[in-house]
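For reference, the structure discussed in these notes is given below.
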Amino acid sequence: MTYAVDNNLLIEYDKTCRYLAAINDIDTLTEYVTTLHNCFGHQDRWSIFDRNICMAVGRWAWTLRERAVLDPT
C-alpha cells in the first residue's frame, strides 16, 4: 500500500482510500488525500474525487474535512 500512497495518485485511488480507512490509518489517509488535493483540487473534476473519497472513507470523511483536505459539506 505504501507504493500506492507514494506513487499512484489516480489508479484506484478510491480503493486506496477505502483500505486506509478500513485499517484506521488516518495519518496516511490524510497524507494521501492531501497529495490528491494538491494535485487535482484546482480542477473542475475535484468535486468527483471529493465525492468518491467521501464514499470510500465513510466515517473518516468528517475528519478529513476537519483537516481541510476535503471540501466542507
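Tabulated data for the structure shown
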item	result
Relative exposure of Val69, Val33, judged by other C-beta atoms within 10 Å (fewest first)	Val69, Val33
(i) 16, 15, 10; (ii) 33, 11, 9; (iii) 22, 13, 11, with the label sought being that of the calculated semi-axes √(5λ) of the Cα gyration tensor in Å	(i)
Relative contact order (%) - criterion: Cα under 8 Å, at least six apart; region: the stretch 2-66	37
Thr63-Asp6 pseudo-label distance in nm [points 7 Å out on the Cα-to-Cβ vector]	2.3
Net charge contributed by nearby residues that have their C-beta within less than 12 Å of Pro72 (K/R +1, D/E -1)	-1
Residues Thr16, Thr30 arranged by fewest to most Cβ contacts within 10 Å	Thr30, Thr16
Net charge contributed by nearby residues that have their C-beta within less than 10 Å of Glu31 (K/R +1, D/E -1)	-3
Neighbourhood net charge (14 Å Cβ-Cβ; Lys/Arg +1, Asp/Glu -1) for Leu20	-2
Computed [θ] at 222 nm, deg cm²/dmol, the chain (DSSP H ≥ 4; -39,500 (n - 2.57); rounded to nearest 500)	-20000 deg cm²/dmol
Positive-end residue, the chain charge dipole about Cα centroid, Cβ charges, pick of Ala61, Cys17, His37	Ala61
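Every read-out reported here was derived from the displayed coordinates using simple, explicitly stated rules and does not represent laboratory data. Bear in mind the structure is a predicted one, so any value in this text is a computation, not a measurement. Because the Cβ atoms are built from the backbone with ideal geometry, glycine has one as well, and the counts that use them run over all protein chains shown.
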